[in-house]
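See below for the structure under consideration.
Read-outs: derived from the displayed coordinates by stated rules, not from any lab. Since this is a predicted model, take the numbers as computed values, not measurements. Backbone-built Cβ (ideal geometry, glycine too); neighbour counts: all protein chains shown.
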Amino acid sequence: MRSLGREFVKILFQRRTYVGWAGLLAVPLLIVLALDLSSSKPAPGEGPPFFAAIINNGIFVPVAAIGALSFFLLPLVASMAGAFPLAGEAEMGTMKTWMSRPVGRSGVLFSKWGVAVLYVVVGMLLVGIGGLLAGWAVFGIHPLATLSAPPSASTPAWSASRWPTCSSWPRCCARSRWRCSSRR
């Protein structure tokens, strides 16, 4: 765990870390900006997936951004985050130093892999949070239609009163197999 922490601190002090995260964060912002400034809005079924749904509900911005990123920029950033820790060690000549220490090579490699995974996870969180905030600011966030019931205009989708409470779960399970409705 110590080597994972050291590798994460090392990656935080590199400019390319923040450039990669800024590039990922720019995608949902550009999507929102393009759809907001567009004179003709996409009709349902037109354009990339979820772009037409963004016009009606800003909650779809992170989904559309991750879908757009998954083809080119996300694999590029992931490969950059995964390849540089080892290539940088070889380039600076510090690989020989850590190979001569009594540290397991697999532990060092797994810590470098873990930092690369953590880097991509933080980038996806930035895309999700940035896209959600941008979609909320421009298009608003509205209740989603569900298959079980239409959304209530008076009760927002995130309201706790729409979901079963902890005390109602045992009764629901005893009565029937997960078919309970605690809506009042």
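Values for this structure:
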quantity	calculated
Contact order relative to length of the stretch 2-142, as percent, for alpha carbon pairs under 8 angstrom and 6 or more apart	43
Lysines with Cα under 25 Å of Lys10, excluding same-chain neighbours fewer than 8 positions away	Lys96, Lys112
Förster radius 41 Å - calculated FRET efficiency between Lys96 and Leu30, Cβ distance, rounded to 0.05	0.40
Modelled FRET efficiency - R0 25 Å, Ser106 with Phe71, Cβ distances, 0.05 increments	0.15
